[in-house]
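Remarks on the structure that follows.
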Amino acid sequence: MNEDTLLGGWLEWLPSLLDGLWLSVRVAGASLIIGIPLGLALALLMSAKHKWVRVLAIIVVEVGRGTPALVMLQIVYFGLPSAGLTVGSFVAAVVALALTTGAYTSEILRAGLQAVPHGEVEAASALAMNNRDTLRFIVIPQGVRIAIPALLGFAILILQATALTFTIALPELLSRSYSIGSNTFRYLDVLLLAGLLYLIITLPAGWLTTWTERRMARHL
Amino acid sequence: MIYVQAVLLGVPMTVLITVLAFAVGAVLGVPLALARRSPLGPLRWGARFVIDVLRGIPPVVFLFVIYFGVGTGVIKLSSLQAAVIGLGLIAAGYLAEIYRGGLLAVHKGQFESAAALGMDSWTSMSRIIGPQAFRVALPSATTYAIGLLKDSSIASTITATEILYRATASSRGHGAGLEPFLIAAVVYIALGAPLAWLSRTMDARMRARVAR
């Protein structure tokens with residue numbers, strides 16, 4: 001097919017862009033795998049016994065949520081080397097997005113933990129469970145389950161946020177599209193394909209989120 | 001500390017992009033939200049599709065499509081125009097869903113009473129339903145505005161001279177490295193704080209008033 005037509009161009013660029021998309025998905029996945037446990041830890045610390053622990057956790061969360069992801073990326077990318085750590089773009093991207101994920105999901109998970117009926121905690125203490133076991137076996141499993149739809153919604157936003165990592169030279173989907181655009185001067189064609197590729201993941205993920213929301217609403 | 005001044009120079013552009021994009025979104029979100037509840041199937045599906053697409057593509061990709069795609073081939077756009085159009089369209093998608101949530105929260109009896117009084121759908125929407133839905137939607141819309149403020153940092157990638165652009169310029173130009181970005185983070189947090197406070201206060205008031 002003639003590569004000057006829209007479809008011809010798309011066919012020629014697709015393999016490279018799919019490689020880029022796969023990298024975007026890996027960055028998003030790694031950020032979520034590190035960030036969500038971090039969010040759970042922050043959520044638990046926000047309801048800690050000691051006041052200064054609570055205050056510290058709240059400050060960390062508010063700073064994390066108040067800083068744009070793009071600024072967080074630059075801080076990590078430029079900050080880690082000045083702290084003596086030289087890391088590649090992939091690690092910097094994952095660290096920055098994991099921090100953002102931790103701050104945002106802490107609020108989601110806190111709401112989930114609070115939504116666990118108090119009777120569950122009372123029942124656990126009636127069974128002579130200590131606080132740690134109550135959290136571990138009763139509150140956290142149920143609270144995290146309640147948070148699943150919101151976590152899924154957030155995961156879609158993190159996949160979108162991986163597009164920002166082109167600013168730190170990570171060859172993900174947007175960065176590859178842009179360099180094809182500047183080589184061929186067909187920015188519109190290639191960027192439209194990039195948008196479509198993001199939609200291939202975000203649209204079904206959005207439907208899945210709605211579906212889990214409805215299911216959850218029925219079960220509560 | 002000499003970079004504080006440089007970074008602060010970007011504040012007016014950040015505020016301008018945020019306010020204009022929010023205004024575009026707040027206006028365009030209304031027809032989208034109404035179409036989303038239309039009795040006409042195709043109109044409803046069309047609106048749903050548009051909203052899903054606006055919310056499914058990363059904002060930075062939108063800005064690139066508008067600034068580099070449309071901007072180089074079709075019509076020349078300034079970075080401010082491209083940022084306001086791009087972020088405004090995305091805001092319309094999110095605000096449409098927030099409006100829809102507000103409309104869903106209005107009790108069904110209100111629609112029926114308005115119809116029973118012989119109001120046409122325009123009068124009912126503008127006098128009875130709209131104001132109630134608006135109040136419910138306000139805290140979420142304010143929370144969205146905070147998100148938009150942070151997303152406006154993306155406009156730096158298309159050379160809009162806002163906060164992050166100024167920070168990047170200081171960092172690259174003077175070899176300052178990390179410091180300008182830390183200052184930028186503090187400025188964003190400071191700009192978002194009053195909005196967050198407003199959102200919380202309105203939410204608390206709303207709950208107190210609607211509590212039944």
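Going through A:R176, A:R145, A:R186 one at a time, which residue ends up being of a type in the set (K, R) and either farther than 30 Å from B:G71 by Cα or in contact with a Cys (Cβ under 9 Å, 6 or more places away or on another chain) (or both)? Answer to the check: A:R145. Among the residues making up the stretch A:206-215, those that are surrounded by fewer than 17 Cβ atoms within 10 Å (Cβ to Cβ) and within 11 Å of chain B (Cβ to nearest Cβ) are A:W207, A:T210.
Step by step: first the residues of the stretch A:162-188, then only those that are touching a residue at least 24 places away in the same chain (Cβ under 8 Å), among the aliphatic types (A, V, I, L, M) and within 11 Å of another protein chain (Cβ to nearest Cβ), then the one that is farthest from A:T5 (Cα to Cα). Which residue is that?
A:L164
When the stretch B:159-182 is filtered for residues that are buried (at least 17 other Cβ atoms within 10 Å of the Cβ), more than 10 Å from every other protein chain (Cβ to nearest Cβ) and assigned to a helix (DSSP H, G or I), the ones remaining, listed by number, are B:Y165, B:R166, B:A169, B:S170. All of (1) in contact (Cβ under 8 Å) with a residue 12 or more places away in the chain; (2) more than 17 Å from the chain's Cα centre (by Cα) hold for A:V53 with one exception: (1).
Counting only helices (runs of 4 or more DSSP H) wholly contained in the stretch B:1-77, the ones carrying 3 or more residues that are among the aliphatic types (A, V, I, L, M) and farther than 24 Å from B:V106 by Cβ occupy B:2-8, B:11-36, B:59-64.
Scan A:A123, A:A128, A:A43 and give me the residue that is under 24 Å from A:P149 (Cβ atoms) and either among the aliphatic types (A, V, I, L, M) or free of Cβ contacts under 8 Å to residues at least 12 places away in the same chain (or both).
Numbers: A:A123 fails: under 24 Å from A:P149 (Cβ atoms); A:A128 fails: under 24 Å from A:P149 (Cβ atoms).
Result: A:A43 is the single residue among A:A123, A:A128, A:A43 that is under 24 Å from A:P149 (Cβ atoms) and either among the aliphatic types (A, V, I, L, M) or free of Cβ contacts under 8 Å to residues at least 12 places away in the same chain (or both).
Scanning the stretch A:62-72 for any residue that is within 22 Å of B:L148 (Cβ to Cβ), polar (S, T, N, Q), buried (at least 21 other Cβ atoms within 10 Å of the Cβ) and touching a residue at least 40 places away in the same chain (Cβ under 8 Å) turns up nothing.
Say we look at the stretch A:1-34 and pick out the residues that are assigned to a helix (DSSP H, G or I) and of a type in the set (D, E); which of these is nearest to A:M72 (Cα to Cα)?
Quick first cut of the stretch A:1-34, residues assigned to a helix (DSSP H, G or I) only: A:6-34.
Now drop any that are not of a type in the set (D, E), which leaves A:12, A:19.
Details: A:E12: 34, A:D19: 25 Å.
The extreme case among them is A:D19.
Throughout, read-outs are computed from the coordinates displayed, never taken from laboratory work. These numbers come from a predicted model, not from an experiment. Ideal geometry is used to build each Cβ from the backbone, glycine not excepted, and the neighbour counts take in all protein chains shown.
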